[in-house]
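*Asks:* Got a structure here, written out as structure tokens. Questions coming.
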Amino acid sequence: MAPCVSSYVGGDITAGMMACDLEEDQGPTLYLDIGTNGEIGLKNGDKYLVCATAAGPAFEGAGLRCGMVAADGALCAAAVRDGGIVCRTIGGGPPRGVCGTGAVSLLAALLELGAVDESGLLDERWEEGFPLGGGVVFTQRDIRQLQLAKAAIAAAMDALFDAAGLSPSDVKTLYIAGGFGSAIDPQAAARVGLIPAALAGRVSAAGNAAGMGACLIAASQRALDDAEALARDARVLDLTESPVFRERFVEEMIFGNPEG
């Protein structure tokens with residue numbers, strides 16, 4: 001069994017950070033696993049600082065009006081072209097729904113187009129939802145679900161940086177784990193405020209890092225010993241007691257300047 005750091009930072013995070021070989025990384029490194037919960041690990045020197053925050057299911061496509069898993073027909077990317085939105089689906093057919101990475105990309109495109117303002121308000125022309133074809137729509141409620149989720153993740157990162165005395169620009173690499181992290185457009189993630197703009201060009205898709213780490217632990221006593229040491233020595237930041245998290249959560253609800 002991969003050792004847990006704490007109740008909400010489980011063995012999958014320990015295994016994932018091991019698989020990314022964070023011990024060998026020079027300079028501060030950030031590890032991010034986004035799902036219903038967002039677990040984040042910050043390595044600075046030989047110290048690990050970790051936290052977890054509830055993000056909800058929006059990044060997995062659940063909870064959205066036309067949300068779906070990343071399967072054939074899922075809208076997975078969007079861009080502004082000639083004053084409108086063009087979309088791409090998995091498999092190339094008409095859209096059947098919107099998966100998590102598609103929702104982030106679509107929200108970034110709507111912000112660029114001006115169809116969504118900085119407060120997250122969708123233009124009143126699309127009161128019933130922004131049409132994407134085939135009866136698929138992206139609604140005001142969908143935007144609010146993503147807004148809450150991205151604010152929770154971003155505020156948690158802010159709290160980690162504050163506790164470590166670092167800024168986003170200090171981080172050399174941001175590993176994003178899981179299927180969502182492997183497919184997300186870093187520029188879109190930065191535009192909606194899910195990750196700091198300074199890290200958009202420093203993202204490394206970690207894939208199934210937890211699975212790879214589990215294989216290492218199963219195959220090597222040394223890897224298991226290293227994982228146990230990591231879990232034992234990592235310091236947990238309790239976000240329920242963090243004033244920085246509470247303050248930044250409210251601020252991160254705003255879709256600010258894409259360069260900010």
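*Asks:* Tally up the carbon and sulfur contribution to the accessible surface of the stretch 170-260 as a whole percent, 1.4 Å probe, everything protein left in place.
*Replies:* Values: 2520 of 4790 Å².
Accessible surface attributable to carbon and sulfur in the stretch 170-260 totals 53 percent.
*Asks:* At a 10 angstrom cut-off on C-beta neighbours, averaged per residue, how do the peptides 93-103, 119-129, 6-16 rank from highest to lowest?
*Replies:* On the way: 93-103: 23.3, 119-129: 13.0, 6-16: 21.5.
Final packing ranking: 93-103, 6-16, 119-129.
*Asks:* Percent antiparallel among DSSP beta bridges with both residues in the stretch 103-260, to the nearest 5?
*Replies:* Values: 4 of 8 bridges.
Looking only at bridges with both residues in the stretch 103-260, the antiparallel portion is about 50 percent.
*Asks:* Express in whole angstrom the spacing between the alpha-carbon centres of the stretch 67-122 and the stretch 33-57.
*Replies:* So the two Cα centres are separated by 26 Å.
*Asks:* Still on this model: Using modelled amide H (1.01 Å from N, peptide plane; none on Pro or chain starts), what sits under 5 Å from the amide H of residue 173, excluding residues fewer than 5 places away?
*Replies:* For residue 173, whose amide H was placed from the backbone, the distant partners under 5 Å are 30.
*Asks:* In the stretch 46-143, what percent of the accessible surface is made up of carbon and sulfur (1.4 Å probe, ligands and nucleic acids excluded)? Kindly include the intermediate steps, with their values, before the conclusion.
*Replies:* Working: 2250 of 4580 Å².
Percent of accessible area from carbon and sulfur atoms in the stretch 46-143: 49.
*Asks:* Cβ neighbours within 10 Å, averaged per peptide: list 230-238, 154-162 in order, most packed at the top. Walk me through the numbers on the way to the answer.
*Replies:* Numbers: 230-238: 16.4, 154-162: 23.2.
With the highest mean Cβ count within 10 Å placed first, the list reads 154-162, 230-238.
*Asks:* Which whole-number percentage describes the relative contact order of the stretch 72-135, with Cα contacts under 8 Å and a sequence gap of 6 or more?
*Replies:* On the way: 92 pairs, mean separation 20.5, N = 64.
In percent, rounded to a whole number, it is 32.
*Asks:* Once you treat every alpha carbon in the stretch 145-260 as an equal point and sum by Debye, what is log10 I(q)/I(0) at q = 0.15 Å⁻¹?
*Replies:* -0.79
*Asks:* Remind me, relative contact order of the stretch 1-64 in percent, using alpha carbon pairs under 8 angstrom and six or more residues apart?
*Replies:* Numbers: 92 pairs, mean separation 15.5, N = 64.
Relative contact order comes out at 24 percent.
*Asks:* Could you work out the relative contact order of the stretch 139-214, using alpha carbon pairs under 8 angstrom and six or more residues apart, expressed as a whole percent? Please list the in-between numbers first.
*Replies:* Numbers: 69 pairs, mean separation 25.7, N = 76.
Value for the stretch 139-214: 34 percent.
*Asks:* Here is a further query. What does the accessible area per residue of the chain come to in Å², with a 1.4 Å probe and no ligands, DNA or RNA counted? Don't skip to the answer; put the middle values down first.
*Replies:* Details: 11820 Å² over 260 residues.
It amounts to 45 Å² per residue over the chain.
*Asks:* I'd like to compare 241-250, 189-198: which one has the highest average count of other Cβ atoms within 10 Å, and what's the full order after that?
*Replies:* 189-198, 241-250
*Asks:* Sticking with this structure for a sec: Treating each Cα of the chain as an identical point scatterer and ignoring solvent, apply the Debye formula and state log10 I(q)/I(0) at q = 0.07, 0.09, 0.12, 0.16 Å⁻¹.
*Replies:* Ignoring solvent entirely, the Cα scatterers give -0.24, -0.40, -0.69, -1.14.
The values are calculated or read from the model by the stated rules, or taken from the named source; none is laboratory data. For clarity, every value in this text was computed on a predicted model and none was experimentally measured. Don't worry about glycine lacking a Cβ; one is built from the backbone with ideal geometry, like all the others, and counts go over all protein chains shown. Accessible surface areas use protein heavy atoms only, side chains included; no ligands, DNA or RNA. Shrake-Rupley method; radii C 1.70, N 1.55, O 1.52, S 1.80 Å.
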